[in-house]
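Data block below; observations after.
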Amino acid sequence: MTIRRVITAMIMCIASFALAQATTQNEKDKADTYRPTTNWPYVNADFQEGTLLLADSTQSRTRMNIHLYGSVLQCIDAEGKVARVTFPDLLEIRIGDKKYVMTKGRTMQLISVSSDGKAMMLMELEPDFDELLRSNSSYYMNMGTTATVKVQQLNLKGRANEKHDEMKEVWYDGRAITTKCQYYFLKGTELITASRNGKLATCRTSLEKKNMKALHKKNKTDWDSEEDVRKIFNILFRQKP
């Protein structure tokens, strides 16, 4: 091999590496700036390879995402259409580097587990559909309501049997959906909203309520902050080290 060919090969390798890095960075930038829309009402910027762990210890791999309306777990079927995941007895869901659990029919991200494994701190990404409608007053008025709005009337995509590729083509054309993180504590089958009133509602006696109020006051808990909610979870359920 001549020196010229060696140099050419080196240049091609460097160019290929730079292109791969640029592609990776571009995908990362998309994920960082991602915001769901009515044409793409999903937790993640795209369907990602993930694993389903079933109660009988078997595993299934597929591309998955979570629809914001009802936190429904969906996958891409053999025909390239989005479909609801209907496996019974799901113990754990992994999408990318995140873990999820199914509770009360909703798919929530697992944030923390207690030392005895009996309690979990979960997070659900909740959409603000009312804000979506208020942001477009003419559309909101056409809905014929000033209070309760039926989510079905928003014509959200990805509800049933829609082609994944066709949905991606109109990703940015829909109305943006504002979201917020809502945290929960799950102990056994009891799902407790991680909020001052939510946790107080589980207290059985006046002494428990008094102690809980003192705990909230002492920690000055911001219930929208994962760090603050995790602190309360650690105190109540003793997080794994």
Most to least accessible of 190, 124 (protein chains only, probe 1.4 Å): 190, 124
Size of the dipole of the stretch 39-119 about the Cα centre, Lys and Arg at +1 and Asp and Glu at -1 on the beta carbon, nothing else charged, in debye to 20? 200 debye
Taking the Cα-to-Cβ direction at residue 161 and at residue 128 and moving 7 Å from each Cα, how far apart do the two end points lie in nm? 3.6 nm
How much length, in nm to one decimal, is gained on full extension between residue 211 and residue 77, taken as 0.36 nm per residue of separation minus their Cα-Cα distance? 43.2 nm
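Would you please classify the overall shape of the stretch 53-127 from the alpha carbon gyration tensor, given that a ≥ b ≥ c denote the square roots of the eigenvalues, rounded means a/c under 1.5, and beyond that prolate means a/b larger than b/c while oblate covers the rest?
Working: a/c = 2.11, a/b = 1.40, b/c = 1.51.
Verdict is oblate for the stretch 53-127.
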Residue 87-residue 189 pseudo-label distance in nm [points 7 Å out on the Cα-to-Cβ vector]: 2.3 nm
Fully extended, how many nm does the chain gain between residue 178 and residue 234 (0.36 nm per residue separation, minus their Cα-Cα distance)? 17.2 nm
Could you check the spin-label model distance between residue 61 and residue 118? Points 7 Å from the Cα along Cα→Cβ, value in nm. 3.7 nm
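The values are calculated or read from the model by the stated rules, or taken from the named source; none is laboratory data. Keep in mind that what you see is a predicted model, and the values were worked out from it rather than measured. Here the Cβ is made from the backbone with ideal geometry for all residues, glycine too, and neighbour counts use every protein chain on show. The accessibility values were calculated without ligands, DNA or RNA, using every heavy atom of the protein model including side chains. Shrake-Rupley method; radii C 1.70, N 1.55, O 1.52, S 1.80 Å.
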